[in-house]
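A short worksheet on the structure shown next.
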Amino acid sequence: MNESRTVTYVCPYCGRKFETEVYDSIITDTDPDLRDRCVSGDLFRISCPHCKRDYMIQYPLVYVDRKNRFILFVSSEPEVPEAVRKIAAGPAAAGYRMRRTPTLSEFSEKIQIFEDGVDDRLVELAKYDSLIEFIDNRKGSAEDVTGIEYQRTENGVMKINVRTEDRGMSFLIPVTMIEEELEQDKDRYRIDDENFPVINAEWIIDLFQPDPGSHQLN
């Protein structure tokens with residue numbers, strides 16, 4: 001079931017205290033509206049009743065989607081609490097995908113990826129390949145890029161959008177091509193779902209960074 005509690009915040013604008021509701025866990029099939037509020041970010045949007053200013057607050061949240069068989073843990077802290085692991089113990093044995101999402105934008109995107117039935121490792125690999133193509137085709141430099149976003153997957157084709165400050169460029173990538181790329185080096189991309197891995201841009205970049213402890217023979 002969905003679990004929420006009342007907490008007291010101090011408004012960063014007017015400095016006055018007020019109470020608001022936050023969620024500790026959400027099961028999407030019990031209240032689809034909560035799913036929509038997670039995707040839009042409205043679940044984390046707080047409104048001060050005194051000065052009427054709105055702002056975003058990220059707090060730990062366990063998000064369970066039983067239909068699509070995945071669990072997301074929203075937290076910027078690398079340690080996954082034992083209470084969260086206990087919640088996930090049963091689903092983990094049933095083959096659910098487990099992820100920790102350090103940011104709200106990653107959380108929202110991960111929901112869409114898994115609802116589309118896509119492997120998020122493929123998405124990050126597609127983003128990485130799109131960035132390389134963006135640079136190689138002289139469309140700009142890595143420093144020009146302000147964001148790389150998953151859009152959707154339809155008819156076996158994944159759409160990735162690379163954004164700069166003044167424009168966006170879409171890349172259409174056949175899913176089979178990315179799957180073959182991952183299959184060629186399965187050990188590199190192997191993850192342990194039970195440990196709530198973070199699969200994002202930093203993850204894919206780290207995979208392609210040379211091991212600082214390694215050296216080449218001359």
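Taking first residues from the range 143-155 that are touching a residue at least 12 places away in the same chain (Cβ under 8 Å) and partners that are crowded, with 18+ Cβ neighbours inside 10 Å and acidic (Asp, Glu), the Cβ contacts under 6 Å between residues at least 6 apart in sequence or on separate chains come to TYR150/GLU109. When ARG100 is tested against (1) surrounded by 14 or more Cβ atoms within 10 Å (Cβ to Cβ); (2) outside any strand (DSSP E or B), only condition (2) is not met. Screening THR176 against (1) modelled with pLDDT of 95 or more; (2) of a type outside the set (Phe, Trp, Tyr); (3) surrounded by 13 or more Cβ atoms within 10 Å (Cβ to Cβ) leaves a single unmet condition, (3).
The residue of the range 103-132 that is nearest to GLU82 (Cα to Cα), among those that are of a type in the set (S, T, N, Q) and surrounded by fewer than 20 Cβ atoms within 10 Å (Cβ to Cβ), is THR103.
Filtering the range 30-65 down to residues that are within 18 Å of the chain's Cα centre (by Cα) and part of a loop (DSSP other than H, G, I, E, B), which residue is surrounded by the most Cβ atoms within 10 Å (Cβ to Cβ)? Among those that are within 18 Å of the chain's Cα centre (by Cα) and part of a loop (DSSP other than H, G, I, E, B), it is PRO60. Of the candidates LYS110, LYS127, the single residue that is of a type in the set (D, E, K, R), modelled with pLDDT of 95 or more, outside the structural domain of ASP193 (by TED's automatic domain parsing) and under 29 Å from ILE160 (Cβ atoms) is LYS110.
Condition check ((1) out of contact with any Gly (no Cβ under 6 Å at 6 or more places or on another chain); (2) farther than 21 Å from ASP192 by Cβ; (3) at pLDDT 95 or above) across all residues:
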| site | (1), (2), (3) |
| --- | --- |
| ARG37 | yes, yes, yes |
| HIS50 | yes, yes, yes |
| PRO78 | yes, no, no |
| ALA83 | yes, no, no |
| PRO102 | yes, no, yes |
| GLU106 | yes, no, yes |
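Look at the range 156-170: where a residue is assigned by TED's automatic domain parsing to the domain that holds LEU125 and a partner is assigned to a loop (DSSP other than H, G, I, E, B) and modelled with pLDDT of 95 or more, sitting 6+ places away or on another chain with Cβ atoms under 8 Å, you get MET158/VAL118.
The values are calculated or read from the model by the stated rules, or taken from the named source; none is laboratory data. Being a predicted model, the structure only gives us computed values, none of them experimental. Reconstructed Cβ throughout: ideal geometry from the backbone, glycine too, with neighbour counts over all protein chains shown.
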